[in-house]
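*Asks:* Dropping the structure in here first, questions after.
Nothing in this text is a laboratory measurement; each read-out follows from the coordinates by a stated rule. Source: prediction; values computed, not measured. Every residue, glycine among them, receives a Cβ derived from its backbone with ideal geometry; neighbour counts consider all protein chains shown.
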Amino acid sequence: MEKIFYYFLIDVPRAMTIWAVLMVLAAAATVGLIMRPRHSGTGTADLAAEPGGPGPDGATPVGAEPALRAEEQRRRALASRALELHRYAEEVTVAAERSAVTAQRRRDEWLTAQEEAESAWQAYEAADVAARRVAAAAVLPEPRTPRTPAEYADRERYLHRAAMAACTRKELSVLQLSDALAHRNGWDPRRHPVEQEIVLRRTVRDSLFAAHRAATERERAAWRDAEVAAEAARSLREEAFAATAKAEEFRRWLPSSPSAGSTDGTAGGANGRVRPAVRWRAARAG
């Protein structure tokens, strides 16, 4: 306890003395800084001494002109690039609109081909029903008629009239009508009218079935063309939207111009940014 009391009596006054000396030194330094004389001409001299700042008479130093020219060239290049992006966005937008028109036309063609295929199928079904009904009469014995030149002439006239009527209803093609009138490819005017009707109905059914298959192929081709056109329109719309957004973002981040205008067709706005002389507008995506 005696040692502790001794150290307390010796060390505490020593520490207090050190802290008092430090506080006095700090106060003296503060007073010296406050009372230091101020020089009024240092501001102008410092500004004149800066490499990029104006001189005492407000003129730009000669050494700063290359830096200003480089900055102006960079600003003009950025403005030109922004204008190119905007023109590209407009061109892609026009292409997207034309592609959308083409896609709509292809879709209309596909709908028309689909209707034609449906009509061809319905015609084939009706011809098939008629062929089956006439074929059912073939089980009956053929009527006996006199084999005279007048009878054969009547049979020939019947064949010609039936073939022309079927061609008028678009059940037979012109080539098939020519074969019937010329008695080629299975067309025999000496047959009984019942046999001629059976042959005619079967030929009509086969012809309409071939027409239905051709219409189906046209419908499938039109569907493929419509899908390709729609995909191209979607791709161009996305490209137009991306190009428009890129152009607007590039223009928004152009550096500010120190002058009110420039000689390259650009002018500074109220906020000091360089903008092309043309009017900017948002490009539609189609």
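*Asks:* About the Cα centre of the stretch 81-186, how large is the charge dipole given +1 on each Lys and Arg Cβ and -1 on each Asp and Glu Cβ? Please answer in debye to the nearest 20.
*Replies:* In debye, rounded to 20, the stretch 81-186 gives about 400.
*Asks:* So what's the projected area for the stretch 152-195, the Cα convex hull averaged over all directions, in nm²?
*Replies:* Orientation-averaged projected area of the Cα hull: 2.8 nm².
*Asks:* At a 10 angstrom cut-off on C-beta neighbours, averaged per residue, how do the peptides 117-126, 195-204, 146-155 rank from highest to lowest? Each step should come with its number before you reach the end.
*Replies:* Values: 117-126: 16.8, 195-204: 20.3, 146-155: 10.8.
My ranking of the peptides, most packed first, is 195-204, 117-126, 146-155.
*Asks:* Show me the three semi-axes of the equivalent ellipsoid for the stretch 99-139, from the C-alpha gyration tensor (sqrt of 5 times each eigenvalue), largest first, rounded to whole Å.
*Replies:* Its equivalent ellipsoid spans semi-axes of 40, 4, 4 Å.
*Asks:* Here's a follow-up. Between Leu22 and Met164, what is 0.36 nm times their sequence separation minus the Cα-Cα distance? Round to one decimal in nm.
*Replies:* Gain on extension, Leu22 to Met164, equals 38.2 nm.
*Asks:* Send over the per residue convex hull volume for the stretch 132-233, Cα only, as a whole number of Å³.
*Replies:* Normalising the Cα hull of the stretch 132-233 by residue number yields 111 Å³.
*Asks:* First check a/c for the stretch 105-167, with a ≥ b ≥ c the square roots of the eigenvalues of its C-alpha gyration tensor; if it is under 1.5, answer rounded, and if not, answer prolate when a/b is larger than b/c or oblate otherwise.
*Replies:* On the way: a/c = 9.74, a/b = 2.39, b/c = 4.08.
Taking the square roots of the gyration eigenvalues as a ≥ b ≥ c, the stretch 105-167 is oblate.
*Asks:* Which order, highest average first, do 76-89, 13-26 follow once you tally other Cβ atoms within 10 Å for each residue and take the mean per peptide?
*Replies:* In decreasing order of mean packing, 76-89, 13-26 become 76-89, 13-26.
*Asks:* Mean shadow of the stretch 87-192, computed from the convex hull of its alpha carbons, in nm²?
*Replies:* Values: hull surface 41.4 nm².
Computing the convex hull of the Cα atoms and averaging its projections yields 10.4 nm².
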